[in-house]
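In what follows, a structure is listed as structure tokens, so that the remarks can point back to it.
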Amino acid sequence: MIPGSFSYHRPASVADAVKLLSDLGEDARPLAGGHSLVPMMKLRLATPAHLIDLHGIAALRGISRSGNNLVIGAMTTQHELLASEDVAKAMPILHEAALLIADPQVRYRGTIGGNVANGDPGNDMPALMMSLGATYRLEGSGGARDVAAADFYQGAYFTALEPGEILTSVSVPVPAAGHGSAYEKLKRKVGDYATAAAAVVLTMAGGKVATCSIGLTNVHETPLLATDAAKAVIGTSLDAATLKKAAAAAEAIMAPAADARGPVEYRKHVGGIMVTRALQRAAAKAK
Amino acid sequence: MAKTHVTMKVNGAEVEGLVEPRTLLVHFIRENLQMTGTHIGCETTHCGACTVDIDGMSVKSCTMFAVQADGSDITTIEGMANADGTLSALQEGFRMMHGLQCGFCTPGMIVRAHRLLKENASPSEAEIRMGISGNICRCTGYQNIVKAIQYASAKINGVEFQEAAE
């Protein structure tokens, strides 16, 4: 399978990349790790006339601390995320989830920016970013703006990115010390998207849940924040009745597609189980 | 479409060529460089048969354009043997442990396992299985591939390989 013809551009700065994107218009696509776009191009489901490869922009790589946030450059790969002690210590859920993305070869190339910007409801990072309260830095010819992950996803492959804008970094607030987290992903095999997955970040106080956020992957056309489910567990010790209530509240907002991963009822059902398991595991890890 | 001039190091030798931007790295390696050890399996980034080592990373060469590899240092299965031409520990492991049947996935398996052992010379069985989870084999059931990598790990560490009891 050979992709259609295109012109290749490799800018060395964000400014040059943004200028190329706005000059070339809608026939141009930014290229990050390429592990979603290149297969689509080989299938001729994507036929951009221009590819703007972001690999030449050093400023888009790396993980740094900024106040209470970890700022992750968009071209930072999943492999680099996994190698980061800062990530493993400050937000172990990112480490845990990155390990569940695709396979080793894909993780060497796949980037956090591509994962969150593509708008694919099957991608794992978006729900995580929503549950962690992350914001995305978007840069275009008109300047830069920050958009909360929770406001970014509008539909499948449809996001707050305006034409000519590039997502340049992800800023993630470091969760409170002693927090507990878990990402539970049901998948058929390595490399598959989730049949359903749930991210939980919580804190406990005196044996009861003090704060909680829950993100859901691949059970709707966008990633979801399960706000009602999270509210249902606040102040509880996650007893069986509470867990049941939380799972039901999460299932109530799920609207997965029926596909090879199963019918709608099944995917909602296992989505509820993922929420339950993630809550229990996160609580066990909280101090 | 205008062609672009690329240069890269492949198995220690400087190579160059003219490629269209859409030329996939695996096609450049197989067709321009005439190194057909790197295989094309699924063409959809799933099977790992086309895995090559680029600047210290295992990469599926069907999912990268040759122009993106300009200036990089690549090792393919043709570059896996020892400098004196004898089999590397991994190649020997695949031979001794019968780590292949049809052999189609083997180049990708060996190139991937090469990087795995560079990053972790003593992986556990679970780490080996996760480490090669981007490479699909439809013959062996993976058992002997895992043993082959364990054999190579033992040899690299200078210890005698002991097959686990089944």
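Just one of the numbered conditions (1) surrounded by fewer than 22 Cβ atoms within 10 Å (Cβ to Cβ); (2) closer than 19 Å to A:Tyr193 by Cβ; (3) basic (Lys, Arg) is not true of A:Lys245; which one?
Result: A:Lys245 fails condition (2) only.
Suppose the filter is surrounded by fewer than 22 Cβ atoms within 10 Å (Cβ to Cβ) and touching a residue at least 12 places away in the same chain (Cβ under 8 Å); does A:Thr211 pass it? If you could, list the steps in order and put the result at the bottom.
On the way: surrounded by fewer than 22 Cβ atoms within 10 Å (Cβ to Cβ): yes; touching a residue at least 12 places away in the same chain (Cβ under 8 Å): yes.
Yes.
Among the residues of the stretch B:63-87, write down those that are part of a loop (DSSP other than H, G, I, E, B), within 24 Å of B:Ile128 (Cβ to Cβ) and either within 13 Å of the chain's Cα centre (by Cα) or within 9 Å of chain A (Cβ to nearest Cβ) (or both). It would help to see each step written out before you state the result.
Filtering the stretch B:63-87 down to residues part of a loop (DSSP other than H, G, I, E, B) leaves B:64, B:70-72, B:76, B:80-87.
In the following step, the residues that additionally are within 24 Å of B:Ile128 (Cβ to Cβ) were identified as B:76, B:80-82, B:86-87.
B:Thr76, B:Met80, B:Ala81, listed by residue number.
Give me the residue from the stretch A:173-196 that is part of a strand (DSSP E or B) and either among the aromatic types (Phe, Trp, Tyr) or in contact with a Gly (Cβ under 8 Å, 6 or more places away or on another chain) (or both) and, out of that set, nearest to the other protein chains (Cβ to nearest Cβ).
Only one residue fits best here, namely A:Tyr183.
Hey, which of the strands (runs of 3 or more DSSP E) in the stretch B:1-62, taking only ones fully inside, have at least 3 residues that are under 23 Å from B:Ile136 (Cβ atoms) and touching a Gly at 6+ places or on another chain (Cβ under 7 Å)?
none
Looking only at the stretch A:76-99, filter to residues that are outside any helix (DSSP H, G or I) and away from chain B (no Cβ under 11 Å); which one of those is farthest from the chain's Cα centre (by Cα)? Give the steps one after another, and end with the answer.
Restricting attention to the stretch A:76-99, the residues satisfying the condition of being outside any helix (DSSP H, G or I) are A:76-77, A:84, A:91.
Within this subset, residues satisfying the condition of being away from chain B (no Cβ under 11 Å) are A:76, A:84, A:91.
Values: A:Thr76: 13, A:Ser84: 17, A:Met91: 14 Å.
Of everything passing the filter in the stretch A:76-99, A:Ser84 is farthest from the chain's Cα centre (by Cα).
With the stretch B:93-166 as the region, which helices (runs of 4 or more DSSP H) entirely inside it contain at least 1 residues that are buried (at least 21 other Cβ atoms within 10 Å of the Cβ) and more than 14 Å from chain A (Cβ to nearest Cβ)?
On the way: elements: B:106-119, B:125-131, B:143-156.
Counting at least 1 such residues, we get B:106-119, B:143-156.
If I filter the stretch B:14-33 for residues that are surrounded by fewer than 21 Cβ atoms within 10 Å (Cβ to Cβ), closer than 23 Å to A:Pro104 by Cα and of a type in the set (S, T, N, Q), do I get at least one hit?
For the stretch B:14-33, residues surrounded by fewer than 21 Cβ atoms within 10 Å (Cβ to Cβ), closer than 23 Å to A:Pro104 by Cα and of a type in the set (S, T, N, Q): absent.
Among (1) within 15 Å of the chain's Cα centre (by Cα); (2) more than 14 Å from chain B (Cβ to nearest Cβ); (3) surrounded by 22 or more Cβ atoms within 10 Å (Cβ to Cβ), where does A:Val71 come up short?
Answer for A:Val71: the failing condition is (3).
Please enumerate the residues belonging to the stretch B:30-39 that are of a type outside the set (Lys, Arg) and in contact with a Ser or Thr (Cβ under 9 Å, 6 or more places away or on another chain). Outline the logic, then answer.
Initially, the stretch B:30-39 is screened for residues of a type outside the set (Lys, Arg), giving B:31-39.
Passing the criteria: B:Glu31, B:Asn32, B:Leu33, B:Met35, B:Gly37, B:Thr38, B:His39.
Looking only at the stretch B:14-44, how many residues end up being farther than 23 Å from A:Asp103 by Cβ, within 10 Å of another protein chain (Cβ to nearest Cβ) and of a type in the set (S, T, N, Q)?
1
Would a scan of the stretch A:136-155 turn up a residue that is in a strand (DSSP E or B), among the charged types (D, E, K, R), in contact (Cβ under 8 Å) with a residue 60 or more places away in the chain and under 23 Å from A:Ala278 (Cα atoms)? Write out each step before concluding.
Initial filter on the stretch A:136-155 (in a strand (DSSP E or B)): A:136-140, A:143-148, A:153-155.
Narrowing the set further to residues that are among the charged types (D, E, K, R) leaves A:137, A:139, A:145-146.
Right, trim to in contact (Cβ under 8 Å) with a residue 60 or more places away in the chain and you get A:139.
Filter again for under 23 Å from A:Ala278 (Cα atoms), leaving none.
So far as the stretch A:136-155 goes, no, none of its residues is in a strand (DSSP E or B), among the charged types (D, E, K, R), in contact (Cβ under 8 Å) with a residue 60 or more places away in the chain and under 23 Å from A:Ala278 (Cα atoms).
Residue by residue, here is whether (1) under 17 Å from A:Ala226 (Cβ atoms); (2) outside the structural domain of A:Ser237 (by TED's automatic domain parsing); (3) under 15 Å from the mean Cα position of the chain (by Cα) holds:
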position	(1), (2), (3)
A:Thr168	no, yes, yes
A:Gly178	no, yes, no
A:Tyr193	no, no, yes
A:Ala199	yes, no, yes
A:Met204	no, no, no
A:Gly207	no, no, no
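Picking from A:Gly110, A:Gly142, A:Gly133, A:Gly164, which residue would you name as being under 30 Å from B:Ala49 (Cα atoms) and not assigned by TED's automatic domain parsing to the domain that holds A:Met254?
Details: A:Gly142 fails: under 30 Å from B:Ala49 (Cα atoms); A:Gly133 fails: under 30 Å from B:Ala49 (Cα atoms); A:Gly164 fails: under 30 Å from B:Ala49 (Cα atoms).
A:Gly110 is the lone residue from the list that is under 30 Å from B:Ala49 (Cα atoms) and not assigned by TED's automatic domain parsing to the domain that holds A:Met254.
Answer yes or no: is there a residue in the stretch A:46-57 that is among the polar types (S, T, N, Q), under 20 Å from B:Thr45 (Cβ atoms), surrounded by fewer than 22 Cβ atoms within 10 Å (Cβ to Cβ) and modelled with pLDDT of 95 or more.
Just the residues of the stretch A:46-57 that are among the polar types (S, T, N, Q), to begin with: A:47.
Now narrow it down to the ones that are under 20 Å from B:Thr45 (Cβ atoms): A:47.
Retained after the next criterion (residues that are surrounded by fewer than 22 Cβ atoms within 10 Å (Cβ to Cβ)): A:47.
Next, from what is left, pick out any that are modelled with pLDDT of 95 or more: A:47.
Yes, because at least one residue in the stretch A:46-57 is among the polar types (S, T, N, Q), under 20 Å from B:Thr45 (Cβ atoms), surrounded by fewer than 22 Cβ atoms within 10 Å (Cβ to Cβ) and modelled with pLDDT of 95 or more.
Taking the stretch B:126-137, which residues are out of contact with any Lys or Arg (no Cβ under 8 Å at 6 or more places or on another chain) and closer than 21 Å to B:Val52 by Cβ? Talk me through it step by step, then tell me what you get.
Initially, the stretch B:126-137 is screened for residues out of contact with any Lys or Arg (no Cβ under 8 Å at 6 or more places or on another chain), giving B:126-130, B:133, B:136-137.
B:Ile128, B:Met130, B:Ser133, B:Ile136, B:Cys137 - these are the residues of the stretch B:126-137 that are out of contact with any Lys or Arg (no Cβ under 8 Å at 6 or more places or on another chain) and closer than 21 Å to B:Val52 by Cβ.
Hey, among A:Leu54, A:Leu20, which residue is within 13 Å of chain B (Cβ to nearest Cβ), among the hydrophobic types (A, V, I, L, M, F, W, C) and within 17 Å of A:Glu165 (Cα to Cα)?
Numbers: A:Leu20 fails: within 13 Å of chain B (Cβ to nearest Cβ).
Step by step, each of A:Leu54, A:Leu20 is checked, and only A:Leu54 is within 13 Å of chain B (Cβ to nearest Cβ), among the hydrophobic types (A, V, I, L, M, F, W, C) and within 17 Å of A:Glu165 (Cα to Cα).
Condition (residue is within 14 Å of another protein chain (Cβ to nearest Cβ), part of a loop (DSSP other than H, G, I, E, B) and surrounded by fewer than 17 Cβ atoms within 10 Å (Cβ to Cβ)) applied to the stretch A:30-44: is it met by at least one residue? Outline the logic, then answer.
Going through the stretch A:30-44, the residues within 14 Å of another protein chain (Cβ to nearest Cβ) turn out to be A:30-44.
With the extra rule that they be part of a loop (DSSP other than H, G, I, E, B), the set shrinks to A:32-36, A:43-44.
Cutting the leftovers down to surrounded by fewer than 17 Cβ atoms within 10 Å (Cβ to Cβ) gives us A:43-44.
Yes, that holds for at least one residue.
Taking the condition of being within 10 Å of B:Ala148 (Cβ to Cβ) and more than 13 Å from the chain's Cα centre (by Cα), how many residues in the stretch B:95-129 meet it? Outline the logic, then answer.
Going through the stretch B:95-129, the residues within 10 Å of B:Ala148 (Cβ to Cβ) turn out to be B:95-100, B:106, B:109-110, B:113, B:128.
Next cut, more than 13 Å from the chain's Cα centre (by Cα) only: B:95-100, B:128.
Of the residues in the stretch B:95-129, 7 are within 10 Å of B:Ala148 (Cβ to Cβ) and more than 13 Å from the chain's Cα centre (by Cα).
The values are calculated or read from the model by the stated rules, or taken from the named source; none is laboratory data. Keep in mind the model is a prediction, meaning the values are calculated, not measured. In this analysis, Cβ positions are derived from the backbone assuming ideal geometry, glycine residues included, and neighbour counts consider all displayed protein chains.
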